[in-house]
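Have a look at the structure below before the remarks.
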Amino acid sequence: RPTSGRVFVDDTDVTHLPIQKRDIGMVYQQFVNYPSLTVYENIASPLRLQKVEKSEIDRRVRAEAERLRIGGLIDRLPSELSGGQQQRVAMARALVREADLILLDEPLVNLDYKLREALREDLPKVFTGRHSIVVYATTDPWEALSMGGNTIVLEEGRMIQAGPAEKVYSAPATTHVSQVFSDPPMNEISGQMRDGQVLFGDQAVCEIPEHLASLGDGDYIFGLRPEHIDIFQQGEHVSRMDSKVDVTEISGSETFIHFVYHDHPWVAVEEGVVRMNPGDDVSFGFNPGRLFLFDSEGALIVSPEGSMESAVAEKEAS
């Protein structure tokens, strides 16, 4: 029960409404299914409470089970299923009601990597064409991006940014959003723009790029995504940062190279397998047009994607 206030769905006060009358579907982190009921009966249970006709129950249960790829499991008990299959049953039970509001509380967090990947691909298709509002809570930025729709970023219960998922990613409103809505987090460093140069710490790393040229000299926080940093190649990069390897993480298709630059921990993402040892000297380069710029309080001033969109819009208008 809320400690104060009331809860409304549209214009209906549901604060003290019995659960079965709220028209809300819910999926939890844990696999919450009735252990003594078959998959079929688990999915059918909310419809039976609503006294839906038997033929309609059968149609909706089988359709939802097929949609979530558990059609061949409807006669089994939850204890006979894998974790991923059990969570699909819980989702089917929440979705079969065709409720106005469906809440999912980190539904994939307790699944292993492969199961998460499979469900992450399936869910956007499952939600397509429904009239329901779906609220999906997650701490995984890639889940939020793959779901699409609108994203709300919360910090300690407060909304710090909201908008289409792609917009929140490409133009994070603050350095905090840039950290939580990216994996690995965006690299950030305090620096300056002075005399036509961008300085990280006291080192000039590149000329001021075009999308930052209209701003005055001063102190700023610069941001650079790990995937936009490459091992330095003469002739390919006009920027350069020299450091030593801290540690490398090889994931197969990518290698994360961790290093420290001006007392800031940084990470670069390289394609494929890159073998480097801790302490190895390494130089990195980047495209200055990829720089994000934040003020000293951490609020976004310019994003490279935003400036690119503005340039396209201006060209189309002219």
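The values are calculated or read from the model by the stated rules, or taken from the named source; none is laboratory data. Because the structure is a prediction, the values reported are computed rather than measured. Neighbour counts are summed over all protein chains in view; Cβ atoms, including those assigned to glycine, are modelled from backbone coordinates with ideal geometry. We work out accessible area using only protein heavy atoms, side chains counted, and drop any ligands, DNA or RNA first. Shrake-Rupley method; radii C 1.70, N 1.55, O 1.52, S 1.80 Å.
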Among residues belonging to region 219-244 that are of a type in the set (S, T, Y) and not in a loop (DSSP other than H, G, I, E, B), point out the one that is farthest from E270 (Cα to Cα).
Y220
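Restricting to region 35-46, and then to whatever is in contact (Cβ under 8 Å) with a residue 40 or more places away in the chain and surrounded by 14 or more Cβ atoms within 10 Å (Cβ to Cβ), can you tell me which residue is nearest to the chain's Cα centre (by Cα)?
First pass over region 35-46, keeping only residues in contact (Cβ under 8 Å) with a residue 40 or more places away in the chain: 35-37, 39, 42-46.
Pick out the ones that are also surrounded by 14 or more Cβ atoms within 10 Å (Cβ to Cβ) and you get 37, 39, 42-46.
Numbers: L37: 35, V39: 31, N42: 30, I43: 29, A44: 32, S45: 32, P46: 31 Å.
Only one residue tops the list, namely I43.
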Contact list, first residue from region 7-27 and open to solvent by less than 60 Å² (accessible area, probe 1.4 Å), second anywhere and among the acidic types (D, E) and not in a strand (DSSP E or B), beta-carbon distance below 8 Å, six or more apart or interchain, is V9/D23; V9/D100; D23/D100; I24/D100
Answer yes or no as to whether G216 is without any contact (Cβ under 8 Å) to a residue 40 or more places away in the chain, within 30 Å of S146 (Cβ to Cβ) and in a loop (DSSP other than H, G, I, E, B).
no
Selected residue (criterion: farthest from A63 (Cα to Cα)) from residues of region 98-139 that are of a type in the set (A, V, I, L, M) and in a loop (DSSP other than H, G, I, E, B):
V109
From the list A137, A165, pick out the single residue that is over 28 Å from Y34 (Cβ atoms), surrounded by fewer than 20 Cβ atoms within 10 Å (Cβ to Cβ) and modelled with pLDDT of 90 or more.
A165
Which of the residues spanning region 245-264 are over 26 Å from E207 (Cβ atoms) and either open to solvent by 20 Å² or more (accessible area, probe 1.4 Å) or outside any strand (DSSP E or B) (or both)?
D246, V247, T248, E249, I250, S251, G252, S253, E254, F256, H258
Of the residues in region 205-223, how many are at pLDDT 95 or above and of a type in the set (S, T, Y)?
1
Looking at (1) loosely packed, with under 13 Cβ neighbours inside 10 Å; (2) at negative phi, find the lone condition where G235 falls short.
(2)
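Condition check ((1) surrounded by fewer than 14 Cβ atoms within 10 Å (Cβ to Cβ); (2) farther than 26 Å from D263 by Cα; (3) of a type in the set (S, T, N, Q); (4) at pLDDT 95 or above) across all residues:
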site	(1), (2), (3), (4)
F127	no, yes, no, no
E156	yes, yes, no, no
F181	no, no, no, no
P184	no, no, no, no
M193	no, no, no, yes
Q203	no, no, yes, no
Take region 205-232 and flag every residue that is more than 14 Å from N287 (Cα to Cα) and surrounded by fewer than 20 Cβ atoms within 10 Å (Cβ to Cβ).
A213, S214, L215, G216, D217, G218, D219
Write out, first by first residue and then by second, each pair whose Cβ atoms fall under 7 Å of each other, whose residues are 6+ apart or on separate chains, and whose first residue, in region 122-140, is in contact (Cβ under 8 Å) with a residue 12 or more places away in the chain and under 21 Å from D23 (Cβ atoms) while the second is among the basic types (K, R) and open to solvent by 40 Å² or more (accessible area, probe 1.4 Å).
V126/R67
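So in region 269-312, with the set limited to residues that are of a type in the set (V, I, T) and open to solvent by 30 Å² or more (accessible area, probe 1.4 Å), which one is modelled with the lowest pLDDT? Don't jump to the end; show me each part of the working.
At the first step, the residues of region 269-312 found to be of a type in the set (V, I, T) are 269, 273-274, 282, 301-302, 312.
If we keep only those that are open to solvent by 30 Å² or more (accessible area, probe 1.4 Å) as well, we get 273, 301, 312.
On the way: V273: 91, I301: 95, V312: 32.
By that ranking, first place goes to V312.
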With the requirement that a residue be assigned to a strand (DSSP E or B), among the hydrophobic types (A, V, I, L, M, F, W, C) and touching a residue at least 12 places away in the same chain (Cβ under 8 Å), what does region 181-200 give you?
I189, M193, V198, F200
Filtered residues of region 47-86 (kept if open to solvent by 20 Å² or more (accessible area, probe 1.4 Å), within 20 Å of I102 (Cα to Cα) and part of a helix (DSSP H, G or I))
R48, L49, R60, R62, A63, E66, R67, Q85, Q86
Can we say G149 is open to solvent by 40 Å² or more (accessible area, probe 1.4 Å) and in contact with a Pro (Cβ under 9 Å, 6 or more places away or on another chain)?
yes
Going by the structure shown, is Y169 farther than 27 Å from P278 by Cβ, assigned to a strand (DSSP E or B), touching an Asp or Glu at 6+ places or on another chain (Cβ under 9 Å) and among the hydroxyl-bearing types (S, T, Y)?
no
